[in-house]
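What follows is a set of notes on a single structure, which appears directly below.
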Amino acid sequence: MMGALALALPRIMVGALALALPRQAHAQNRQALRVGYIPIIPMTQLFVMEGEGWTKAAGLDLALTRFSSGPAMVQALASGSLDVAYIGIGPAMLARARGIDVKVVAANVIDQVALIGRGRLVEAFAAAPTPAAAFAAFRAAAGRPAKIATLPQGSVPDAVLRYYLQETARVADADVEIVGVGEEQVQQLLLAGAVDAASILEPILTIVLERERSAKVIARADAMFARQPGAVVLATRAALGAQRAAIAALVALHVKATAFARGNPDRAAADVVAFIGKGLVSAAVMRKALTSDATTLIADPRLIVDSTRLLQDFQQRIGAQPTAIDIDALFDFGFYDAVPR
């Protein structure tokens, strides 16, 4: 019996080694990416792939860093501390204009920014024939311009707001005051009554509608800037060269997460809550935000090329982006096109 056991031991050891090798190889093949993001609904795909455990299963280790705005993320890209950014298309263009070698490898959303008002400004909109007349009436009654909070200049919410005021609604400059702050401060200022409106994204729109009785969306996203380009997945040239397989895996998961969020809003809402609203926002409110008019999730970067050109033209006219970039060179469609569908 001892002889049989002795003969069996090498086979047992070989079997154990064979079982261990795939795990060891899998551990060695794991790929790390430093990813920046802003805690808003347009970054849903990132929250879904992490929340559902897909990144770990695909061999990706994402080191996530939270930012309050896109321009702040541009500084991190410039310093080389990020490989990938879930960021607005405005800051993406700004980064490239500043000489940071980056590429858009996937899109996240279109029509993401709406204008929400509160109190007397909502009343002015209800009584006036046009938005321009509403802002003028508010200024006449309040003795001051309407204060509108948004993210800092260079961000998509700021650009969309300025486009709406100047190009769409033709509002007099003297009738508005724009306050650029971080995304958490936008919500705080609006709920505290320190501003009259905000040009902002989900879930802030839904949260404010739930908590402030006088709040109302006074300009829908598609009315502010039709098919406005929103958040994107931005990769650095260094990462595209050294971690190409990791970027490809990330984009594949991004495409998968886009379809998942559309078809499973309850599960997706739970994933989003775990990242940006845990203990503060209910899953029911997050679901409303995820299915609102200001949340049109996409993945194909081609869908935003034309509107990105329009946005750049406007940003240049107002001096927010002094240097024009080659829009075609900003995009890399290869990763999206390689995803099996």
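Observations
- Share, in percent, of DSSP beta bridges within region 114-224 that are antiparallel, nearest 5: 45
- Two-decimal log10 I(q)/I(0) for region 278-341, as the Debye equation yields it once each C-alpha is a single scatterer, q = 0.15, 0.19, 0.26, 0.28 Å⁻¹: -0.75, -0.87, -1.05, -1.14
- Value of Rg/Rh across region 114-224 [Cα atoms, Kirkwood radius]: 0.92
- GNM result for the chain, Cα springs below 10 Å: residue of Ala274, Ala134, Ala174 fluctuating most strongly: Ala174
- Using equal-weight Cα scatterers in the Debye expression, the normalised intensity of the chain in log10 at q = 0.09, 0.15 Å⁻¹ is -0.50, -1.20.
- Helical content alone sets the calculated 222 nm signal of the chain at -15000 deg cm²/dmol, taking -39,500 (n - 2.57) per DSSP H segment of four or more residues and averaging over every residue.
- GNM top mover of Ala140, Ala268, Ala132 - the chain, alpha-carbon springs below 10 Å: Ala140
- Sorted ascending by nearby beta carbons within 10 Å, beginning with the fewest, Glu184, Glu52 become Glu184, Glu52.
- Relative contact order of the chain, pairs being alpha-carbon contacts under 8 Å that are 6 or more residues apart, as %: 26
- Under the span-like rule (Cα at least 15 Å along the axis, Kyte-Doolittle mean at least -0.5), DSSP H helices of the chain: 2-28, 131-142, 244-263, 265-276
- The DSSP beta bridges internal to the chain are antiparallel in roughly 50% of cases.
- Restricting region 218-288 to trypsin sites (Lys or Arg not before Pro) that sit in a DSSP loop and have at most 16 other Cβ atoms within 10 Å of their own Cβ leaves Arg220, Arg227, Lys278.
- Take 66-76, 300-310, 81-91, 99-109 and order them by the average number of nearby Cβ atoms within 10 Å per residue, most first; the result is 81-91, 99-109, 66-76, 300-310.
- Ascending count of other beta-carbon atoms within 10 Å, so fewest first, for Ile207, Ile178: Ile178, Ile207
- Given Lys216/Lys256; Lys103/Lys147; Lys216/Lys278; Lys147/Lys256; Lys56/Lys103; Lys147/Lys288, the pairs whose alpha carbons are separated by over 29 Å: Lys216/Lys256; Lys103/Lys147; Lys147/Lys256
- Take every pair of alpha-carbon atoms less than 8 Å apart whose residues are at least six positions apart; their mean separation over the length of region 243-319 yields a relative contact order of 26 percent.
All of the numbers you see were taken from the coordinates with simple rules; none came from a lab. Note that the structure is a prediction, hence the values are computed from the model and not measured. With ideal geometry, Cβ positions are generated from the backbone for all residues, glycine too; neighbour counts draw on all protein chains shown.
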